[in-house]
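Here the structure is laid out as structure tokens; the discussion comes afterwards.
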Amino acid sequence: MRLGWLIPRSLWRATDWISPQEIRRTERWLATARVFLAISSLIAVWVDPGEARSTWVYALLWFYIGQGFAIILLLRYSRRQSTPSFRMLVHAADVVWPALICLLTTSQSNTFFLFFLFVLAAAAYRWGLWETVMTSILSVSLLWLESLALHLGAIHSVNLWLAHHHLPVVNADAIDFEPKRLFMRSIYLVVMALLLGYLAEQQKKLRAERDEAARMLGMVSIEAGLAGTLTEIIGEMLRLYRAPRALVASRESGTGRMSVGVVQLKKDFALLNWQEPGPAGADTYFGNFGISSCYVQSHAGSGVGQEFVSVALREDGTVARDEDSAFLQRFAEVHPFHRMLVVSFSPSPELSGRVFLLEPQLTSSAEEELRFLQDLVRQVGPAVYNVYLLRRLRRRAGALERARLVRDLHDGAVQSLIGVEMQVDVLRRSHPIEQSVGDELERIQMLLREEVAKLRELMQQMKSVDIDGHKLPVFLRDTVQRFQRETGIAARFLMDDGEILLTQSVCRELARIAQEALVNVRKHSGAKQVLVHLLHSDGNWELIVEDDGAGFPFDGRVSQPELDLSSRAPAVIRERVRLIQGELTIESRPGRGARIEVRVPQPTING
């Protein structure tokens with residue numbers, strides 16, 4: 001970790017954020033710089049011819065200019081992409097040119113030494129730190145090979161061959177290639193490579209981080225909703241850090257309501273499953289942990305007595321020394337881990353939360369990764385919060401619209417139907433009419449009463465239902481009492497003692513199932529008594545609706561798979577049970593009653 005600042009973030013490169021078109025533009029820019037450098041060198045030789053020891057310098061520079069123009073034309077007019085092999089070939093030529101030119105000039109410290117700096121800058125611009133360092137090592141190796149060739153007389157042999165064929169000789173100066181001078185220049189090249197490569201690496205990393213933040217911002221979708229947006233964003237974080245699993249915990253300050261979701265990657269697709277935080281959820285996920293982000297390593301497995309080594313940052317980016325090991329211990333008991341990244345978010349005073357990445361693979365220093373995560377959350381958090389606000393706004397708008405419609409129905413259609421029913425009753429009782437007409441008026445009166453009851457049931461279902469484990473028993477008791485008042489059927493509600501640790505969505509569906517079951521009792525059973533139970537048994541909660549009416553058109557006890565095949569249970573109830581991943585069982589005794597059982601497992605908080 002101490003040398004993390006030297007480690008290139010190879011994981012960023014794996015995301016392939018550089019497009020082929022951008023690579024082509026980069027190569028064209030380098031080719032243009034190559035031509036400019038060669039032309040500048042020709043001008044320097046023309047101004048001071050003494051810097052050239054051989055006329056081969058002019059030939060090499062003109063050849064170098066021609067190579068640069070050829071690459072420019074090839075990249076501009078060829079439709080083929082710039083392949084890695086093509087870039088490596090061009091780069092290899094750039095490494096060889098400075099070594100050749102140095103043999104033909106007066107000193108390696110003159111303007112021609114810029115060719116070495118160009119090839120190092122090209123490596124840094126194309127790739128990163130380690131490629132630039134390797135380029136400097138290759139350049140240094142060529143210089144030492146040339147020095148060896150001078151001292152062994154190889155250059156002298158070449159000059160003899162050139163003179164024999166009446167060609168200009170290579171007037172290399174062995175003093176420029178003495179080991180002491182060459183050693184200092186080698187150190188200079190390696191240091192320059194480290195500097196240029198490091199700066200290029202950091203620049204590329206900053207750009208990749210901006211692109212990653214922009215990519216995650218693009219995942220924020222109003223159509224996908226809050227759950228879909230969180231799934232996509234945290235799934236991207238899992239792919240980025242190659243982590244198998246993540247948790248996201250949020251808490252609303254006004255209501256104190258908590259939500260905990262587990263995100264996992266299945267075949268590169270992110271799946272989000274909500275789970276119940278449990279009675280100790282506040283301590284487990286929001287303990288006294290006064291930091292903004294941290295990286296934690298466990299060195300003693302899992303369980304009591306676990307030791308942690310962590311790097312933590314506060315909101316202002318300073319290193320924190322007061323991490324809460326008790327919080328980490330509580331979290332590890334519920335979700336065992338060996339490595340973990342934690343980052344907090346609070347886009348507004350009313351909403352806060354944390355993201356836990358379990359078993360991430362870091363490719364840079366922990367402190368640097370934490371700073372990146374903090375910046376990422378600051379950029380993406382407000383956009384996600386806007387989706388959260390829009391969801392709340394839509395929910396409230398829908399609730400207001402449903403409430404308005406319920407009022408309109410109550411003040412309009414329901415009252416009109418009740419008035420018509422009363423007039424029919426008055427007409428039937430106050431005027432002497434034939435028996436057949438009286439029976440028909442009585443039938444119309446019963447139909448009107450039935451329609452009023454249906455409208456009231458519809459109005460009840462249209463009301464916004466915000467039910468959790470604490471409100472569910474009260475809602476069911478009120479529903480049963482209202483059912484008894486409106487239908488005249490004796491109804492009771494019974495419940496076991498115990499805390500209901502079910503999610504709000506499950507509680508809402510259980511309430512709707514009870515309402516639908518009571519509607520069916522009123523419509524079809526002809527029952528005189530109804531009993532609604534909410535029982536806790538073997539870690540499960542059971543909702544039971546039992547009556548003494550006509551029953552279903554079958555005799556016996558039927559499980560949910562059989563009900564799905566035969567469609568012998570109400571479709572609405574079957575669908576709602578499927579939504580909460582519960583178990584539906586129906587027991588029917590034709591002529592003696594029916595019993596509907598819905599079993600829902602109480603979720604555990606273990607990950």
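Kindly establish whether Tyr188 is of a type outside the set (S, T, N, Q) and touching a residue at least 60 places away in the same chain (Cβ under 8 Å). Judged against the criteria, Tyr188 is not a match. A count restricted to the range 191-223 and to residues that are among the hydrophobic types (A, V, I, L, M, F, W, C), more than 16 Å from Gln374 (Cα to Cα) and in contact (Cβ under 8 Å) with a residue 12 or more places away in the chain stands at 9.
Whether any residue in the range 553-564 is under 41 Å from the mean Cα position of the chain (by Cα), surrounded by fewer than 17 Cβ atoms within 10 Å (Cβ to Cβ) and of a type in the set (S, T, N, Q) is what I want to check. Yes, some residue in the range 553-564 is under 41 Å from the mean Cα position of the chain (by Cα), surrounded by fewer than 17 Cβ atoms within 10 Å (Cβ to Cβ) and of a type in the set (S, T, N, Q). Check whether at least one residue in the range 477-488 is small (Gly, Ala, Ser) and either at pLDDT 75 or above or assigned by TED's automatic domain parsing to the domain that holds Leu534 (or both), and report yes or no. Checked the range 477-488: at least one residue is small (Gly, Ala, Ser) and either at pLDDT 75 or above or assigned by TED's automatic domain parsing to the domain that holds Leu534 (or both). Of everything in the range 505-524 that's of a type in the set (D, E, K, R) and over 23 Å from Glu451 (Cα atoms), which residue is surrounded by the fewest Cβ atoms within 10 Å (Cβ to Cβ)? Per the criteria, the residue is Arg508.
If a residue has to be within 8 Å of the chain's Cα centre (by Cα) and of a type outside the set (A, V, I, L, M) to count, how many in the range 222-239 make the cut?
Of the residues in the range 222-239, 5 are within 8 Å of the chain's Cα centre (by Cα) and of a type outside the set (A, V, I, L, M).
The condition of being buried (at least 17 other Cβ atoms within 10 Å of the Cβ) and of a type outside the set (Ser, Thr, Tyr) holds for only one of Leu152, Leu143, that being Leu143. Evaluating Ala527 against the criteria (1) more than 15 Å from Arg599 (Cβ to Cβ); (2) at pLDDT below 85; (3) in contact with a strand residue (DSSP E or B) (Cβ under 6 Å, 6 or more places away or on another chain) leaves one unmet condition, (2).
Filtering Leu104, Leu129, Leu120 for residues that are more than 37 Å from the chain's Cα centre (by Cα) and at pLDDT 80 or above leaves a single hit, Leu120.
What's the number of the condition Lys205 fails, among (1) more than 12 Å from the chain's Cα centre (by Cα); (2) more than 25 Å from Met340 (Cβ to Cβ); (3) surrounded by 14 or more Cβ atoms within 10 Å (Cβ to Cβ)? Here Lys205 meets the rest and fails (2). Only residues that are touching a helix residue (DSSP H, G or I) at 6+ places or on another chain (Cβ under 9 Å) and in a loop (DSSP other than H, G, I, E, B) were counted across the range 148-172, and they come to 6. Just one of (1) under 15 Å from Ala491 (Cβ atoms); (2) surrounded by fewer than 19 Cβ atoms within 10 Å (Cβ to Cβ) trips up Val532, so point out which. Result: Val532 fails condition (2) only.
May I ask you to verify whether Val343 is crowded, with 21+ Cβ neighbours inside 10 Å and either in contact with a Ser or Thr (Cβ under 7 Å, 6 or more places away or on another chain) or more than 21 Å from Ser253 (Cβ to Cβ) (or both)? Answer is yes for this residue.
Can Gly353 be described as closer than 20 Å to Tyr285 by Cβ and in a strand (DSSP E or B)?
Yes, satisfied.
Of all the criteria given as (1) loosely packed, with under 15 Cβ neighbours inside 10 Å; (2) touching a residue at least 24 places away in the same chain (Cβ under 8 Å), the one not satisfied by Tyr385 is (1). Does Ala490 fit the bill of being within 16 Å of Val545 (Cα to Cα) and surrounded by fewer than 16 Cβ atoms within 10 Å (Cβ to Cβ)? Yes, satisfied.
The values are calculated or read from the model by the stated rules, or taken from the named source; none is laboratory data. The shown structure was predicted, so the numbers you read here are calculated from the model rather than taken from an experiment. Cβ atoms come from the backbone with ideal geometry, glycine included; neighbour counts cover every protein chain shown.
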